[in-house]
Amino acid sequence: MNSPASPTGIRIGLSAVVIGLRLGEAVVLTTRAEDGSAALPFGPFDPARDRTFELALRAFVTDQTGFRPGYVEQLYTFGDLGRDSPRATQGPERLREVSVGYLALTADAADTAAILRHDGDARWRPVLDFFPWEDYRQGRPAALTGLEGALKTWAAGDARKQARVEALFAPGAEARWSDSRVLERYELLYEAGLVVEAARDADRPAPALPSGAPMASDHRRILATGLGRLRSKLRYRPVLFDLMPGTFTLSDLQRAAEATTGVTLHKQNFRRGVERTGLVRATGRFSTGTGGRPAELFTRSASDPLDGQTLGLPLPVLR
């Protein structure tokens, strides 16, 4: 016989990380949780009603936000015990919550901002508002100043913790920063009690450090997974084009790559690299909205370059 305090079943929830570009920033589609905090579009999977996870996900994203996602891919299944979610739900069912995260990319964030459902406070929010320590575009992030000191105190006397801090945050060594390790950095900050969610889940006062905008449940963890996946894929798949309009300048493309990775790229090397891949072609038209000399407009190549080999875009970081 099951103990009243033990989970007796599982409830599956689906979370959507929908990322786009708006006003030169990478943005994520959010809603508002019951406690007022930002949340990812989220809903339960009903095995009696829903034919597939993906169809259920698409339905509730559109219902909650008014936005219809295009291509989506599964990120990860989150089922750790001891986080705010998943945990056993309240009430006699005591169901264990398992979250299945999905990633969707869109080129329509700017165009759909005005038609989102505002009764659920659906909005596009800058991704790096949630991870300010991930934004190196203006140099070393200011948020790291306080966080590094707190991490040093937390890891003092523990060689293993110190090694993790060094590997993930590379204090004083920007060249060793790995932009794709977003989740690992967030998890370390959570373990050290330096993000709001860690204090909330342990019923402690929130930290005074600038540790980014909090999210409901474990949604910032899921968002970190999505951002890390996107940054990693940029290097071997041309997924950046899934965020771009039909035509764009090479400066537009570079700003999109920088907004996504959080680093500044070398302009000439980026352009030469893009042209070598064969992933873009010139349209013969020019943009007059650049504020200076008209810039040539490009579009994604219709055929796979280099004998069908699939490539990512070059990301030559400016040092």
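General remarks:
- Number of positions in the range 29-83 that are part of a loop (DSSP other than H, G, I, E, B), surrounded by 12 or more Cβ atoms within 10 Å (Cβ to Cβ) and of a type in the set (Asp, Glu): 2
- Where a residue in the range 240-268 is closer than 15 Å to Leu315 by Cβ and its partner, wherever it lies, is aromatic (Phe, Trp, Tyr) and part of a helix (DSSP H, G or I), with Cβ under 7 Å and at least six apart: Gln254/Phe270
- Pairing residues of the range 49-62 that are under 14 Å from Ile12 (Cα atoms) with residues that are part of a helix (DSSP H, G or I), at Cβ distances under 7 Å and at least 6 apart in sequence or on separate chains, gives Asp50/Ala56.
- Residue within the range 155-171 that is of a type in the set (Lys, Arg), modelled with pLDDT under 90 and in a helix (DSSP H, G or I) present: no
- Residue in the range 121-144 that is on the phi > 0 side of the Ramachandran plot and charged (D, E, K, R) present: yes
The values are calculated or read from the model by the stated rules, or taken from the named source; none is laboratory data. What you see is a predicted model; the values in this text were computed from it and never measured. Positions of Cβ are generated from backbone atoms using ideal geometry, with glycine treated the same way; all protein chains shown enter the neighbour counts.
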